[in-house]
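Visitor: I have a structure I would like to understand better, so I am pasting it below and will then ask my questions one at a time.
Values quoted throughout were computed directly from the atomic coordinates according to the rules given, and no laboratory measurement underlies them. In this text the structure is predicted, and so the values were computed from the model without any measurement. Every residue, glycine among them, receives a Cβ derived from its backbone with ideal geometry; neighbour counts consider all protein chains shown.
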Amino acid sequence: GDGYTYDGVTLNIFSAGTYHLTGQLVEGQIYVNVTNEEKVKLRLNGVGIVKTGAPCIQIDNADKVTVNVVDGSSNFLECYTTNAEADAALYSKDDLKIKGGGYLYVFCDNEHGIACNNDLEIEECELMVDAEKTGISSHKSILRSSGLITTNGDNCGIRSWDLIEINGGMITACGGKKKSESADLTGSKYLGTWKTTGIAFMDE
């Protein structure tokens, strides 16, 4: 179809549809920007993306995007030094669903693994996430219905500002160490408090 452009580095998707993806992309990105009423499906079938300075998959506008990890396939997203605004290897401003019978590995060395500003739904697939901050983060809800999730984050394994609903599957959520510093009475040094969190609910 004609709902996308590809320059050998960035796949720009600007129309609704189902996009079948395979192969490896070094220093490239999948970028989704469609209208508020449009839905996009990304079918990952042996996809590997490595990106520095921005997400491997960035969704800036859509009604909903579904990432379908094709049955039996193995896929990876590796992000290095992504930016503070789009702060994950897989980043979405709108509703995001991850599903399928394949395997997806997500890595980010300075921010979150998967971050969604809206509702996030995960089902069926085997998902492994390693991140410097939070493995899986949603500003609204996270719904998990089946499959296997393993997350490791220096802040939290899984974090939601609203609701986490688990209806099935298996989750291993590991939070690392987060240090919060505050000055003591003399102001001459700092005292640190360490805490670990696997699954966290935020009220900010």
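Visitor: Using a simple charge model, +1 on the beta-carbon of Lys and Arg, -1 on the beta-carbon of Asp and Glu, nothing else, what dipole does segment 1-80 show about its Cα centre, in debye to the nearest 20?
Guide: Magnitude of the dipole: close to 180 debye.
Visitor: Report relative contact order for segment 71-121 in percent, whole number only (criteria: Cα-Cα under 8 Å, sequence separation at least 6).
Guide: In percent, rounded to a whole number, it is 47.
Visitor: Which far-off residues, 5 or more places away or on another chain, put their amide H under 5 Å from the one on residue 147, with H placed in the peptide plane?
Guide: Those qualifying (amide H under 5 Å, at least 5 residues apart or on another chain) are 124, 169, 170.
Visitor: Additional query: Please report Rg over Rh for the chain, where both radii come from the alpha carbon positions and Rh follows the Kirkwood definition.
Guide: Over the Cα atoms of the chain, Rg/Rh equals 1.01.
Visitor: Under the rule of at least 5 residues apart or a separate chain, name every residue whose amide H is placed under 5 Å from the amide H of residue 74.
Guide: 46, 103
Visitor: Another question about this same structure. Using 0.36 nm per residue, how much length does the chain from residue 2 to residue 140 gain when fully extended, once their Cα-Cα distance is taken away?
Guide: Length difference between fully extended and current span is 46.4 nm.
Visitor: Additional query: Run the dipole for the chain about the Cα centre, Lys and Arg Cβ at +1, Asp and Glu Cβ at -1, nothing else charged, and hand back the magnitude in debye, nearest 20.
Guide: That gives a dipole near 440 debye.
Visitor: If packing is taken as the average count of other Cβ atoms within 10 Å, what order do 158-170, 130-142 fall into, highest mean first?
Guide: Listed from highest to lowest mean packing, they are 130-142, 158-170.
Visitor: Same structure, new question: On full extension of the chain, what length is gained from residue 16 through residue 165, given 0.36 nm per residue of separation minus the C-alpha to C-alpha distance?
Guide: Extending this stretch completely gives an extra 50.8 nm.
Visitor: Here is a further query. So between residue 9 and residue 85, what do we pick up on full extension, going 0.36 nm a residue minus the alpha carbon distance?
Guide: Using 0.36 nm per residue and subtracting the Cα-Cα distance, I get 25.3 nm.
Visitor: Place the peptides 72-80, 13-21, 112-120 in order of packing, highest mean first, counting for every residue the other Cβ atoms within 10 Å and averaging per peptide.
Guide: 112-120, 72-80, 13-21
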